[in-house]
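Have a look at the structure below before the remarks.
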Amino acid sequence: MEKKRKYWCRIKKNTDFYDLPKEKQIDILLEGGVYVSNTVASSPELNVKDGVLYLPNLSIEKQPSQEFKDEFYEYILEIYQLDIDNYFYLFFKDFNNRVFGMEHQDQKVIALEAFREIYDSIDIKVDFVNKEISKNGIENAKEFNRFLKLKGMRSGVCSTLATYENLISYLSGNEAYFKSSKFKEEETFLKMLNFESQLKVLVSLNDRYQFIEDIVYSKLGKLKDAYKLYKNLFISFEVFVWVENKIDSFTEEKPSHIESLYQSLLDLDLVSGTKKLFIDYVNNEHEMNLTKIRNYSQKNNRNHDFRVKKFRDELKEVTLKI
């Protein structure tokens, strides 16, 4: 199924939009929700002078929404996935040949060396440390999770690639521009392509040899990230994961199965909030267009009753493990 794109071809060709000054164009994009107004400080630092705290000057900047930038970045990744995959397969052709016949632990030593070499070649802008106090009362400075730092790096790469010219071309649905030599020779694009190619290798190496917990790009990491949006809806992360997998498994009569699923969650007090919150969750995370969830009286719909009982039994097993 082709991915839905909210902002692609948002600007129609036969309009006077392109004849307007840039400032007026941005105002129109702001009105349409494509751009947003953000309050920006002139400096990230606070100024203290003669015991008086001076706050930095604040200004309002009109910027593309994060949703818009993310969609644009996903599009670029999609059309250049083959280039990223070529780098990936060439790397592992060499790597697999290098570790052939070795014990897993010996492979891991070489894999870690490759991981470090690639990671160190990426100019990571975010370099925080976690300060912790040990059981002995000694302060330790531990490295921030590397995949969180790579996530921050990807956000920066996305923002750099999202120039006004590139974003307007996306809003215009100008596919030819993104496949042109002009675009492919842009420094921001080349940097993005190199970063994403290296990132794919790092994620794969870590998945195979488990150097650190991938809390960003693994399925579990993505679920943890998504759960942050719905922790007021589901009673626990485990229940959320079960519901995610269960909805993905539905192939027929999906709305009816979801109605039964929701009833089983209610019966066991595993969801809170309104029915609308659950409908919004289903539509956002599973790309559906539910408008309502029907209530059934017991014994009025045998298929529904059977599904509810089945889901309740499965959920009881899940909650026992929490």
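The values are calculated or read from the model by the stated rules, or taken from the named source; none is laboratory data. The model shown is predicted, which means the values in this text are computed figures rather than measured ones. Positions of Cβ are backbone-derived with ideal geometry, glycine not excepted, and every protein chain shown enters the neighbour counts. Calculation scope for accessible area: heavy atoms of the full protein, side chains included, ligands and nucleic acids excluded. Shrake-Rupley method; radii C 1.70, N 1.55, O 1.52, S 1.80 Å.
A compact table of results
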quantity	calculated
Distant-in-sequence amide H partners of Y35 (H built 1.01 Å from N, under 5 Å)	L30, S65
Simple spin-label estimate for A141 and D70 in nanometres, 7 Å along Cα-Cβ	3.3
Residues of the chain: accessible area per residue with a 1.4 Å probe, Å²	64
Of F100, L320, N38, farthest towards positive along the dipole that unit charges on Lys, Arg, Asp, Glu beta carbons give the chain	L320
The chain: relative contact order in percent, alpha carbon pairs under 8 Å with at least 6 residues between	14
Listed pairs K219/K246; K254/K310; K224/K276; K254/K276; K62/K222 exceeding 24 Å between Cα atoms	K62/K222
Extension gain from K310 to T274, taking 0.36 nm per residue of separation minus the Cα-Cα distance	10.6 nm
Portion, in percent, of the accessible area of the stretch 124-205 that falls on carbon or sulfur, probe 1.4 Å	51
Table column - 3J(HN,Hα) (Hz), the stretch 140-152, Karplus curve with 6.51, -1.76, 1.60, x for Gly and Pro	10, 10, 9, 5, 4, 3, 5, 6, 5, 5, 5, 4, x
Within the chain: Cβ-based charge dipole about Cα centre, in debye rounded to nearest 20 (Lys, Arg +1; Asp, Glu -1)	1020
Stokes-Einstein diffusion coefficient of the stretch 172-317, Kirkwood radius over Cα pairs, 37 °C, 0.692 mPa s, in µm²/s	178
Helix-only [θ]222 nm of the chain, DSSP H runs n ≥ 4, -39500 (n - 2.57) each, per residue, nearest 500	-18500 deg cm²/dmol
Given charges at beta-carbon only (K, R positive; D, E negative), |dipole| of the stretch 55-166 in Debye	440
Computed Rg/Rh of the chain, alpha carbon atoms with Kirkwood Rh	1.02
Length gained when the stretch K246-S181 is fully extended (0.36 nm per residue, less Cα-Cα span)	18.9 nm
